[in-house]
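Asker: One structure, pasted below without further comment.
The values are calculated or read from the model by the stated rules, or taken from the named source; none is laboratory data. Values in this document were obtained by computation on a predicted structure and should not be read as measured data. Virtual Cβ from ideal backbone geometry, glycine too; neighbours counted across all protein chains shown.
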């Protein structure tokens, strides 16, 4: 029988892709959260939007994409690579990364464990909550 020595973690992480065009990403995300600026939670929604906009790696050129792919072991034939390349060719800015619940950042933990998806003409967020 094997006995585990050391810590066991129940942490989770989840990947995301954000694409936007024309304008400020934070404003677009805040609008997607559908809370008016006069709402009592609007400041919190702004914090979430800023957290999302500042997460991961921004990819604006095919050179950035190739560097990101090499660093994350993504091959040019992978669906993930093709999706990012198509968005870049269509004029979108792209941000990709992951959120983890293995830290003391409540907003990141929330984002990691909850679905947050948007599909609009100026903003795309593809993410499924962790497990």
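Asker: What are the residues in the range 56-79 that are touching a strand residue (DSSP E or B) at 6+ places or on another chain (Cβ under 8 Å) and surrounded by fewer than 18 Cβ atoms within 10 Å (Cβ to Cβ), if any? Talk me through it step by step, then tell me what you get.
Answerer: First pass over the range 56-79, keeping only residues touching a strand residue (DSSP E or B) at 6+ places or on another chain (Cβ under 8 Å): 56-60, 64-65, 68.
Answer for the range 56-79, where residues must be touching a strand residue (DSSP E or B) at 6+ places or on another chain (Cβ under 8 Å) and surrounded by fewer than 18 Cβ atoms within 10 Å (Cβ to Cβ): 57, 58, 60, 64.
Asker: Follow-up question, since we're still on this one. Of all residues in the range 33-48 being buried (at least 16 other Cβ atoms within 10 Å of the Cβ) and assigned to a helix (DSSP H, G or I), which is nearest to the chain's Cα centre (by Cα)?
Answerer: Residues of the range 33-48 that are buried (at least 16 other Cβ atoms within 10 Å of the Cβ), as a first pass: 33, 35, 45-46, 48.
Narrowing further to those that are assigned to a helix (DSSP H, G or I): 45-46, 48.
Numbers: 45: 16, 46: 16, 48: 12 Å.
Here the answer is 48.
Asker: Any residue at all in the range 96-103 that's modelled with pLDDT of 85 or more and either in a loop (DSSP other than H, G, I, E, B) or more than 22 Å from residue 29 (Cβ to Cβ) (or both)?
Answerer: no
Asker: What are the pairs, 6+ residues apart or on separate chains, where a residue within the range 85-101 that is over 14 Å from residue 17 (Cβ atoms) has its Cβ under 6 Å from a residue that is buried (at least 17 other Cβ atoms within 10 Å of the Cβ)?
Answerer: 100/112; 101/109; 101/112
Asker: With the structure loaded, tell me whether residue 86 is assigned to a helix (DSSP H, G or I), surrounded by 14 or more Cβ atoms within 10 Å (Cβ to Cβ), over 16 Å from the mean Cα position of the chain (by Cα) and on the phi < 0 side of the Ramachandran plot or whether it fails that test.
Answerer: Working: assigned to a helix (DSSP H, G or I): yes; surrounded by 14 or more Cβ atoms within 10 Å (Cβ to Cβ): no; over 16 Å from the mean Cα position of the chain (by Cα): yes; on the phi < 0 side of the Ramachandran plot: yes.
Spelling it out, it is not the case that residue 86 is assigned to a helix (DSSP H, G or I), surrounded by 14 or more Cβ atoms within 10 Å (Cβ to Cβ), over 16 Å from the mean Cα position of the chain (by Cα) and on the phi < 0 side of the Ramachandran plot.
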